[in-house]
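The values are calculated or read from the model by the stated rules, or taken from the named source; none is laboratory data. From a predicted model like this one, the values you see are computed outputs, not experimental measurements. Here the Cβ positions follow ideal geometry from the backbone for every residue, glycine too, while neighbour counts run over all protein chains shown.
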Amino acid sequence: MKGKFHTLYVGIFLLVGILSIIILIVNGLSYYPLPIEERVFSNLHSSLKPSGAIGHGIGIIGTLMMIIGVASYMIRKRMRRMFDWGYLKYWLEFHIFMCTVGPILVLFHTAFKFGGIVAVSFWSMVVVVLSGVVGRFIYIQIPRTIQGKEIGINELNETELVLTEQLQFEYNLNKEIIESISSSTQPLKYINMSLSMSMFTVIKEIFTFNSFLKHLKSELKKQGITDHNKHHKIIHITKQKMILSRRIGMLRTMQKLFRYWHIFHLPFAFSMFIIMLIHVGVTIAFGYRWLF
Ligand code: HEM
Ligand code: HEM
């Protein structure tokens with residue numbers, strides 16, 4: 001049930017995100033590509049310009065989405081009283097949804113015209129979103145419980161041992177296959193890698209892991225293991241073991257990288273919000289009140 005609920009939860013985010021983008025594009029297809037000086041002649045100008053009914057509205061909604069997405073995650077993560085309000089992982093997914101769709105709405109609010117001091121806020125927003133994607137990538141390299149707590153190295157080593165034992169005793173794989181799996185899943189080989197090498201290795205291993213698994217599949221067939229279910233489970237456990245070993249080996253590096261990432265991500269989020277506040281103050285002072 002939990003799995004189904006989660007798929008529905010993420011599915012709704014994806015659907016809303018994709019639908020919003022399609023509606024914004026279709027609605028402004030004949031307006032946004034026009035050169036700035038020709039836009040005033042378009043009958044869409046009065047609603048799609050940044051101060052127009054739609055342009056202004058999506059600026060406000062997009063900004064509110066970012067504020068809610070950041071505040072809710074920060075509060076949920078820190079307030080003891082909220083610790084049992086759903087898994088932190090789901091709140092992070094909510095943060096990512098709000099802080100991806102929000103900036104897209106703000107992009108359409110600007111009508112693709114990035115002038116004045118508020119351009120600094122806009123580009124800070126772009127940097128925060130892009131760095132968010134990198135942050136998410138590093139985040140998932142650090143094994144955590146579903147509650148978002150980091151799992152200790154001893155527990156990780158134990159899980160890895162359990163996987164090896166499963167292959168050895170439950171599926172009775174012979175010594176050669178176990179050795180070939182173990183030699184390609186050595187946490188030690190990742191330990192002294194530099195940060196850039198670690199990032200490169202994670203990407204490179206998407207391909208090397210796949211080719212190893214292909215090789216393993218043909219080895220299993222040679223050994224006479226043809227039962228589809230058993231075959232599938234062995235490949236699944238081996239894949240888990242390979243990923244876990246890499247995460248164990250890179251744990252220290254990724255934790256360090258994640259600390260640096262926070263130092264980079266936060267100031268841009270901060271400068272985006274501060275300049276946005278000045279921008280909102282100035283527009284209100286100039287009498288732009290939207291529907292109010
Ligand atoms: C991070 C959030 C926001 C960003 C990055 C942003 C960015 C921009 C940009 C680039 C422009 C066009 C400037 C130009 O004409 O050269 C603009 C215009 C405008 N924005 Fe925003 N905006 C944001 C949020 C808001 C919010 C929340 C409001 C309202 C409460 C708002 C109200 C306006 C108005 C009224 C204009 C038109 C100003 C004019 O035509 O002189 N913006 N914004
Ligand atoms: C304008 C957009 C965004 C803003 C203003 C923003 C802001 C923030 C802030 C302030 C934090 C620190 C939270 C804390 O330490 O409690 C954070 C954490 C994080 N954000 Fe974003 N974010 C944005 C977009 C994104 C996107 C698009 C992604 C992913 C694709 C993302 C992924 C993350 C991750 C992985 C964390 C770390 C969570 C943790 O350490 O517990 N963010 N973000």
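Tabulated data
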read-out	value
Number of positions in segment 179-191 that are loosely packed, with under 15 Cβ neighbours inside 10 Å and touching a helix residue (DSSP H, G or I) at 6+ places or on another chain (Cβ under 9 Å)	5
So F264, is it in the same structural domain as V120 (by TED's automatic domain parsing) and either at pLDDT below 90 or not acidic (D, E) (or both)	yes
Residues of segment 152-178 satisfying the condition of being surrounded by 14 or more Cβ atoms within 10 Å (Cβ to Cβ) and part of a loop (DSSP other than H, G, I, E, B)	Y171, L173
Elements of type helices (runs of 4 or more DSSP H) contained in segment 11-96, each with 1 or more residues being modelled with pLDDT under 95, of a type in the set (D, E) and more than 12 Å from ligand 1 (Cβ to nearest atom)	36-39
Residue in segment 139-158 that is away from ligand 1 (no atom under 13 Å from the Cβ) and within 26 Å of L277 (Cβ to Cβ) present	no
Segment 113-134 residues that are outside the structural domain of H56 (by TED's automatic domain parsing) and in contact (Cβ under 8 Å) with a residue 24 or more places away in the chain, paired with ones that are among the aromatic types (F, W, Y) and more than 9 Å from ligand 1 (Cβ to nearest atom) (beta carbon under 8 Å, 6 or more apart)	none
Condition check for I274: under 30 Å from S51 (Cα atoms) and either away from ligand 1 (no atom under 11 Å from the Cβ) or surrounded by fewer than 15 Cβ atoms within 10 Å (Cβ to Cβ) (or both)	yes
Selection count, segment 217-274, where residues are among the aliphatic types (A, V, I, L, M), more than 28 Å from F200 (Cβ to Cβ) and part of a helix (DSSP H, G or I)	4
Subset of segment 99-128 (residues that are more than 12 Å from the chain's Cα centre (by Cα) and more than 11 Å from ligand 1 (Cβ to nearest atom))	V101, I104, V127
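Okay, residues lined up against (1) on the phi < 0 side of the Ramachandran plot; (2) loosely packed, with under 14 Cβ neighbours inside 10 Å; (3) within 16 Å of ligand 2 (Cβ to nearest atom):
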| site | (1), (2), (3) |
| --- | --- |
| N229 | yes, yes, no |
| S245 | yes, no, no |
| F268 | yes, no, yes |
| F292 | yes, yes, no |
